[in-house]
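Notes follow the structure.
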Amino acid sequence: MDDMARDIMEMVSPSAPPRAIDAFNALRRLSACLDEHLAGEASFLYTDQLRAETSRLETEIAAFERDFEDLKQEWALYLHEWTPDNIAIDWRNFSHATLWIMNRLRARIMQENDILYPLALQQSRIRLRDPDQNG
């Protein structure tokens, strides 16, 4: 996802020519990937919320959920606002909005990689990926 977000940021950079349909399609692919990612995450991160003793992972998950609610709302508004027509009409503002939301999304991905996943690995909620597997 981080690579997809970075590619979108390059697509909307100030020096790039407007590519409304390409940008819209890239956003839809990223959105689908994000939905799939969140669903997969839910299957291993949100399993022990009824435990009597809260672990550091559950504490971090709760904090991430609170923080992520704002980003999810902003993401939904962003996707609703930027239709292919609106992107084509107002490429400049679309570019600014896109750079802002992609930076937020990439920061979230970095937090997951730096905090949540190491804790989930430590508590055996996830396994390291086999280096021979693609993806």
Notebook entry, point to check: Along segment 28-40, what does the Karplus equation 6.51 cos²θ - 1.76 cosθ + 1.60 (θ = phi - 60°) give for ³J(HN,Hα), rounded to whole Hz, x for Gly and Pro?
Noted result: 5, 5, 5, 4, 5, 5, 5, 4, 5, 4, 5, 5, x
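Please report the net charge: other residues with Cβ closer than 12 Å to the Cβ of Ala16, K and R +1, D and E -1.
Summing Lys/Arg as +1 and Asp/Glu as -1 gives -1.
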Checklist line | Cβ-defined net charge surrounding Glu81, 12 Å radius [Lys, Arg +1; Asp, Glu -1] | finding: -3
Check: In which sequence would Ser15, Ser31 go, from the one with the fewest C-beta neighbours within 10 Å to the one with the most?
Finding: Ser15, Ser31
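Rule-based calculations on the coordinates, nothing more; no lab input. Small disclaimer: the values here were computed from a predicted structure and weren't measured. Heads up, the Cβs are rebuilt from the backbone with ideal geometry, glycines too, and the neighbour counts pull from every protein chain shown.
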